[in-house]
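Structure, as structure tokens:
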Amino acid sequence: MTDLGMAWGAWRFNPYHRGTGQGGGEFATSGNAGASAKTAKAQPTRKAPARPARPAGGRHAQEKAKLRAQANADRAKAASLRAQVHALEAQLHAHATATAKTAATKKAGTTTKKAGTTAKKTASATTTHHTTSATSTAAISARIANLRAQIHQLESQARQLDARAAAL
């Protein structure tokens with residue numbers, strides 16, 4: 001039998017059989033089914049084009065660095081606001097302590113009166129002091145609440161910026 005006859009017989013019984021050579025042989029894969037050895041050499045197998053890598057210094061890297069810098073700036077601002085909150089909390093504690101001491105001395109009756117002042121003037125001055133103290137305490141508490149809200153907003157914004165940078 002000639003080579004042509006053998007090739008025909010091989011193809012007839014095994015449609016995946018290819019001639020000898022690169023990619024050929026008795027157990028060729030089905031990806032090249034029915035192709036002859038000549039055809040296989042003429043048309044090399046093609047790979048899918050590789051996705052080009054993003055350049056390290058490209059637009060994405062610059063945008064990522066910008067987002068991370070903004071997130072770090074937000075965290076630094078939140079840290080400074082946290083320091084202000086701690087200072088205000090200490091001030092609030094000092095006001096509460098002073099108010100408690102004043103109330104305790106009044107209750108004990110150990111207040112000293114200056115010569116020449118009437119009881120009415122002393123009472124009105126004490127009332128004014130407590131009103132001012134209460135107003136001051138309320139103002140400090142409101143400022144603390146406002147700062148805590150700003151801190152929360154800055155921290156959540158920093159987390160969002162980090163997530164956007166990670167997505168790039």
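The values are calculated or read from the model by the stated rules, or taken from the named source; none is laboratory data. Source: prediction; values computed, not measured. With ideal geometry, Cβ positions are generated from the backbone for all residues, glycine too; neighbour counts draw on all protein chains shown.
Which residue is surrounded by the fewest Cβ atoms within 10 Å (Cβ to Cβ), if the candidates are limited to region 57-111 and must be over 15 Å from Leu168 (Cα atoms) and among the basic types (Lys, Arg)?
Lys107
Quick one: is Ser124 over 30 Å from Leu161 (Cβ atoms), surrounded by 11 or more Cβ atoms within 10 Å (Cβ to Cβ), in contact with a His (Cβ under 8 Å, 6 or more places away or on another chain) and modelled with pLDDT under 75?
no
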